[in-house]
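Here's the structure we're looking at; comments come further down.
No value in this document is a laboratory result; all are computed from the given coordinates. On a predicted model such as this, the values are computed, not experimentally measured, just so you know.
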Amino acid sequence: MQWKREILKIALFGGSFNPVHNGHIKAAKLVLEHTDCKEIWFLPCYLHPFKKNKGFAAEKDRIEMIKLAIKGQKRMKLSLFEIELGKKTGKESRTIETVSKIKRKFPKNEFFWMIGSDLVKEMEKWANFNELVHSIRFIVVPVEGHTGWRKEKWLNENRAILLPQSAACPERKGFNLW
């Protein structure tokens with residue numbers, strides 16, 4: 001008898017995490033609660049393409065903050081994949097490259113990219129947006145104060161998983177762990 005390995009569903013959570021805050025942790029918990037994902041991988045970026053790393057905490061400090069924030073959360077993991085990729089190339093982090101390389105490295109897993117609804121309307125600015133929308137499904141966590149995002153056409157094309165508005169996270173302001 002041959003045992004069939006269950007496909008592990010993993011939500012990738014990219015960002016600067018400068019700093020990681022309670023909203024990030026709440027969003028990750030909501031994704032675990034409302035989807036079939038078994039793990040959340042926090043992927044701190046190397047160089048952020050929109051923030052240009054202005055005022056960024058040192059890489060090692062952002063990593064340590066994430067470790068502290070997810071301590072005791074068995075289904076939340078820290079992945080240095082994007083930082084290591086950036087160090088090799090010396091370039092800004094690009095989600096499409098991260099997704100492509102992670103899917104090649106872990107072909108037996110199913111990946112999703114999670115974002116807050118505050119980013120939905122900005123997505124078309126992301127590098128290779130159309131390719132990205134067709135390469136990974138998105139999970140969108142509602143953020144209080146952001147409306148109209150559910151009407152974005154790309155969400156339907158992507159078959160995105162939209163968490164219920166009742167699961168909304170508070171806005172980022174005043175939501176730090178530190």
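Note on the chain: GNM, Cα springs under 10 Å; of S79, S100, S166, the largest mean-square fluctuation is that of S166. Mean-square fluctuations from a GNM of the chain, with a 10 angstrom spring cutoff on Cα atoms, peak among I70, I139, I40 at I70.
Distant-in-sequence amide contacts of I161, defined by a placed amide H-H separation under 5 Å and a gap of 5 or more residues or a different chain, comprise F138, I139, V140.
Mind checking the full-extension length gain between L80 and L8? Use 0.36 nm per residue of separation minus the Cα-Cα distance, one decimal, nm.
Here the segment from L80 to L8 would lengthen by 24.0 nm.
Within the listed set L43, L68, L163, the residue fluctuating most in the Gaussian network model of the chain (springs between alpha-carbon atoms under 10 angstrom) is L68. Backbone geometry of the range 106-121 corresponds, through the Karplus equation with coefficients 6.51, -1.76 and 1.60 at θ = phi - 60°, to 3J(HN,Hα) couplings of 10, x, 8, 9, 10, 10, 10, 10, 9, 9, x, 4, 5, 9, 4, 6 Hz, x marking Gly and Pro.
Below 8 Å between Cα atoms, with a sequence gap of 6+, how large is the relative contact order for the range 75-152 in percent? Intermediate results must be reported in sequence, preceding the final value.
Working: 59 pairs, mean separation 24.7, N = 78.
Relative contact order comes out at 32 percent.
Summary value for the chain: 27 percent relative contact order, contacts being C-alpha pairs under 8 angstrom separated by 6+ residues.
Extents of the chain, taken as max minus min of Cα coordinates on every principal axis and listed largest first, are 55, 39, 35 Å.
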